[in-house]
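Have a look at the structure below before the remarks.
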Amino acid sequence: MRKRLALFVLSSILIAGLLSACAGIRPSRPNPPLKIVVGPVIFDAPVTKSKQIHSFENNPDSEQDHALLPILIDDIRLKAQRDLTEQFARHEGLAVVPFPEARRLLADLAPAGMPLSDEQALALAYQTGADYVITGLIHDYGAVRWQYWTTGLAVHATAELLIVGFASGWNPAIVAPALLIDLATDVPIWYGGAEILGWAFRPVRLHLDAFQATNCSGQVWPHDEAKILVPGKTLEQYPVEQRKLKHVQLEANLSYATEAIVEQAAETIRLQPCQADGAPAEIRSFSLLSLLDFLL
């Protein structure tokens, strides 16, 4: 099983490397700095019960769950917005509106948990003097939608097949058992919720949009980031007795996904020229997961 997990991680690194190679050359950092305000993060994951995203000593009854679930989801949204703000603030070439100020202004613009319209995004940018309004969407949290995990499983299994095939000289006595093990282990790993030999698989998929408000306005950069395996280094910030809790593992993976997607955004978004129709030119960056959005 340890060898199986090692192979899983190796193929993940291979896929990540291939995707990174497609990202292209990163532009130079903006001067003067771009000003960014982080707007709402919408929770769109198909979660219907609080026990799907939180560990309890005793699971709440249906009435308690009905009241508790919106509170848990609101906490997740706010944490994601705060994390995005703090992560952007760590990057040179960016000036970021503080989280409390953004939250105060948003309270007068849109109901909590609702996405911003283009008019509301422009209003937020005008009030803060921001060049860009960043908004987020949590597609998956704790489990992966079947449209994605079946596709992800197929891509992952193909990568593992190539690794095993070339390593074994395509010996059927080795390749066939490896494929059978794929079905037995990768399904719970990709679908989410599995814990194997201390490895926690708590999927989080975060989508980010960048709305340009300066010169000409419009969405210019959509991107997705998915994290399946909770990294031990990220969990180290929590007390040992909490590291097995579902909500702690998901929170850690949300922070991991946030850091990764902000790294990409901070190196990519720049003020774009206006096109003939008055909209800003789109920033093109490769995201395999974004290609799958049509499945929803």
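Centroid-to-centroid, using Cα positions, region 156-172 and region 195-265 are 30 Å apart.
Where Lys and Arg each count +1 and Asp and Glu each count -1, what net charge lies around D61 among other residues with Cβ under 15 Å from its Cβ? Please report the intermediate quantities before stating the final value.
Details: positive: K49, K51; negative: E57, E63, D65.
Net local charge, D61 excluded: -1.
The alpha-carbon atoms of region 63-177, seen along their principal axes, cover 65, 49, 24 angstrom, with the largest extent given first.
Spacing of the modelled spin labels on A167 and Y126, each 7 Å from Cα toward Cβ, amounts to 6.0 nm. Descending by average beta-carbon neighbour count within 10 Å, the peptides 90-102, 255-267, 161-173 line up as 255-267, 90-102, 161-173, the highest first.
Readers should treat all values here as calculations from the given coordinates under stated rules, not as data from a laboratory. All values derive from a computational prediction rather than experimental measurement. Backbone-built Cβ (ideal geometry, glycine too); neighbour counts: all protein chains shown.
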